[in-house]
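Chemist: This is the structure I want to talk about, given as structure tokens.
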Amino acid sequence: INIDKDGIGGAPNGHTTRTLIFDNIGRLYISVGSAGNVDSDSHRSRIRRMTIADQSLPIDFQKAEVFADGLRNEVGLAFDKHGVLWGVENGADNLKRSDLGGDIHNDNPAEELNRFPEFFAGSHWGYPECWSEYLLPKSVGLGRGTQW
């Protein structure tokens, strides 16, 4: 299973680790992080799901189901006792927005704990267009957890 910035071959740029987990019926979930800090699209920033028991190897990663899209770098995955997938996401660094106070990345790490119930399978979770507020100046902030 290989992917790089354009979907061909390995991963010489961007996030080079992969987060893997199996659910209780044997499906494999793979999280591949972004190619850079903020990509132009979410092509790499997805969790894909596949059943490998019925597949011959190697598996074409691009043909696997997109279970969750728009996740910059979902580095931790785990299932709870109800079989719901949860993930910890490393959001974008170096956030700079003149309308929100300039360099805001130190107080807005955009780290998220995401819950992925099955009925949201295939949904887009915001990256690269959106990020989560932690602490912005009171004159512009809308509160912790606000999605921008």
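Chemist: In the set Ile30, Ile21, which member is in a strand (DSSP E or B), in contact with a Leu (Cβ under 6 Å, 6 or more places away or on another chain) and free of Cβ contacts under 8 Å to residues at least 40 places away in the same chain?
Modeler: Every option except Ile30 fails the conditions.
Chemist: Mind telling me which of the residues Gly76, Gly83 ends up being in a strand (DSSP E or B) and either surrounded by fewer than 18 Cβ atoms within 10 Å (Cβ to Cβ) or aliphatic (A, V, I, L, M) (or both)?
Modeler: Gly76
Chemist: Can we say His82 is more than 21 Å from Arg18 (Cα to Cα) and at pLDDT 95 or above?
Modeler: Yes: the conditions hold for His82.
Chemist: For the structure I just gave you, tell me whether Glu129 is under 19 Å from Ala92 (Cα atoms) and acidic (Asp, Glu).
Modeler: yes
Chemist: Right, next: Being touching a residue at least 40 places away in the same chain (Cβ under 8 Å) and under 24 Å from Ile47 (Cα atoms) is the filter here, so list the residues in region 95-128 that pass it.
Modeler: Asn114, Phe116, Phe120, Ala121, Gly122, Ser123, His124, Trp125, Gly126, Tyr127, Pro128
Chemist: Being touching a helix residue (DSSP H, G or I) at 6+ places or on another chain (Cβ under 8 Å) and not hydrophobic (A, V, I, L, M, F, W, C) is the filter; apply it to region 109-140 and report the residue that is most open to solvent (accessible area, probe 1.4 Å).
Modeler: Ranking the candidates gives Tyr134 first.
Chemist: Let me ask something else about it. Sort out which residues of region 96-108 are part of a loop (DSSP other than H, G, I, E, B) and open to solvent by 20 Å² or more (accessible area, probe 1.4 Å), and write them in order of number.
Modeler: Gly101
Chemist: Take the conditions in contact with a helix residue (DSSP H, G or I) (Cβ under 9 Å, 6 or more places away or on another chain), among the aliphatic types (A, V, I, L, M), free of Cβ contacts under 8 Å to residues at least 60 places away in the same chain and not in a loop (DSSP other than H, G, I, E, B) and apply them to Ala68. Does it pass?
Modeler: Yes.
Chemist: Cβ-Cβ below 7 Å, separation at least six or inter-chain, first residue in region 39-56 and open to solvent by 50 Å² or more (accessible area, probe 1.4 Å), second at pLDDT 90 or above and in a loop (DSSP other than H, G, I, E, B): which pairs?
Modeler: Thr51/Gly26; Ala53/Gly26
Chemist: Okay, next question. Just to be sure I understand the filter: pairs with C-beta atoms under 6 Å, separated by 6 or more residues or on different chains, first member in region 134-146 and in a loop (DSSP other than H, G, I, E, B), second member open to solvent by less than 30 Å² (accessible area, probe 1.4 Å). Which pairs pass?
Modeler: Tyr134/Asn108; Leu136/Leu100; Val140/Leu100; Thr146/Glu133
The values are calculated or read from the model by the stated rules, or taken from the named source; none is laboratory data. Keep in mind it's a predicted model, so treat the numbers as computed, not measured. We place every Cβ from the backbone using ideal geometry, glycine too, and count neighbours over all the protein chains shown. Ligands, DNA and RNA are stripped out before the accessible areas are found, and what is left, the full protein with its side chains, is counted by its heavy atoms. Shrake-Rupley method; radii C 1.70, N 1.55, O 1.52, S 1.80 Å.
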